[in-house]
Amino acid sequence: MVRGHGKSSLAKAILNNPLVTAKFADRRFFVNLRRAGSFDYTFETFVTRFAGALGIESAGADPMRQIFTLLRSASALIVLDNAETFEEASASSALREIPPAIADIANIAGVVLISHHAAEGMRRTCNDNKDIPPLDLSSAQTLFFQIYRRASRSDDGEE
């Protein structure tokens, strides 16, 4: 997984796009799955982070049931950031349980899930799983300045 290429920034820009905001209103969720510290990434960690991003307190009743109930109630846009984190986990249960859970969430009618990582069994909106090549410098700058209007091209220099 390539880090530092602006995938999270682009995902946040999509979440805050006026058309997306109009369509999903307060049903836009950014789920950061980045591992903090050196603990083993478990299914419970995944569920806790996912539920927390949706505003669900995961203590008590079955949090996966709460997640599914909330997501089935209306359309939602979910960005899974750092979804590759669980692949780096040493806990075999994380590798066994998280991908099917992501696929089940992605397959809920009305849920749009954006992630660099595609879980096995996830319904896709395109026919092929193709890598998207990097943008050339001019296109990358144009996209950057469309998203970050406060920056100016005169400040970009050689970088």
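The values are calculated or read from the model by the stated rules, or taken from the named source; none is laboratory data. All values derive from a computational prediction rather than experimental measurement. Cβ coordinates were reconstructed from backbone atoms using ideal geometry, including for glycine residues, and neighbour counts include every protein chain displayed. Heavy atoms of the whole protein, side chains included, go into the accessibility calculation; ligands, DNA and RNA do not. Shrake-Rupley method; radii C 1.70, N 1.55, O 1.52, S 1.80 Å.
Worth a mention:
- Of everything in segment 47-74 that is small (Gly, Ala, Ser) and modelled with pLDDT of 90 or more, the residue that is most open to solvent (accessible area, probe 1.4 Å) is SER73.
- Search result, residues across segment 77-96 that are modelled with pLDDT of 70 or more and acidic (Asp, Glu): ASP81, GLU84
- Restricting segment 97-112 to residues that are open to solvent by less than 30 Å² (accessible area, probe 1.4 Å) and modelled with pLDDT of 85 or more, the residue that is nearest to ARG34 (Cα to Cα): ILE102
- Residue match in segment 27-46 (condition: surrounded by fewer than 12 Cβ atoms within 10 Å (Cβ to Cβ), among the aliphatic types (A, V, I, L, M) and modelled with pLDDT under 80): yes
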